[in-house]
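Colleague: Quick one: structure below, then a few questions.
Bear in mind that the values in this text are calculations on the coordinates, not laboratory data. What you see is a predicted model; the values in this text were computed from it and never measured. All Cβ positions, even for glycine, are placed from backbone atoms using ideal geometry, and neighbour counts span all protein chains on display.
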Amino acid sequence: MKSVWILISGCVLLAGCSGASNIFSKKLSATAVLAPTKGNSVSGTVNFTQKGDVVLVEARINGLKPNGSNGIHVHEKGNCSAADASSAGGHFNPSSSQHGGAAGATRHGGDLGNLKADASGYAQMSIEVSGISLGTGSDSITGRAVIVHAGADDFKTQPSGNSGARVACGLISKNPDKFF
């Protein structure tokens, strides 16, 4: 009889533990700390969080032209060493698509849209973007760079939206795995 209770207790314990994997799961996230390019004063932070098939992008940027719009993109290389951030290469484009807006069906993976600055030059943005990930596949943005441009992205001019000079650059670095 004691063996039966041990067996039943073990089964109950295993059943309870199998549900624990749903309680604790890894949440992939990454951060880019933006630094100004030569002659500019734009800085801030862009956080990325994997949410299923999309990535939540949350940005807080200072030093922009008051009441202006600035294009923001993920670029192909994780290199901000050039004074003008040209070392970051072009837009990240894992699907070889045409340039477009962040929510468009035709767009680069790195197309994040425009930041809209307030009267003090501060912009905040929160969007969900498809076509990129924080994983290890060809669509991963980890190890790449985020660029803020001097002007607005027009969402149509190829290949980069005619958004002008690069005013800030930051490397996208994976955060330590978190369990939630």
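Colleague: Determine, for VAL46, VAL33, the number of other Cβ atoms within 10 Å of each Cβ, and report the residues in order from fewest to most.
Modeller: Placing the least packed residue first, the sequence is VAL33, VAL46.
Colleague: Additional query: Let me check the size of region 26-175 from its C-alpha atoms; what are the radius of gyration and Dmax in Å?
Modeller: Rg and Dmax of region 26-175, Cα atoms, are 13.7, 40 Å.
Colleague: How many nm separate the modelled label positions at ARG60 and GLN124, each set 7 Å beyond the Cα in the direction of the Cβ?
Modeller: The two pseudo-label positions are separated by 0.8 nm.
Colleague: Right, next: Order of PHE92, PHE48, PHE155 from fewest to most other C-beta atoms within 10 Å?
Modeller: PHE155, PHE92, PHE48
Colleague: If the cut-off is a Cα-Cα distance under 18 Å, which aspartates and glutamates reach LYS27, setting aside same-chain residues fewer than 8 apart in sequence?
Modeller: Output for LYS27: ASP53, GLU58, GLU128, ASP139, ASP177.
Colleague: Sequence-distant or interchain residues sharing an amide H contact under 5 Å with ASP153, placed H: which?
Modeller: Amide H to amide H, under 5 Å and 5 or more residues apart or across chains, ASP153 pairs with GLY71.
Colleague: Give me LYS38, LYS77, LYS27 ranked fewest to most by other Cβ atoms within 10 Å of their Cβ, as a rough exposure proxy.
Modeller: Working: LYS38 10, LYS77 17, LYS27 14.
Going from sparsest to densest Cβ surroundings: LYS38, LYS27, LYS77.
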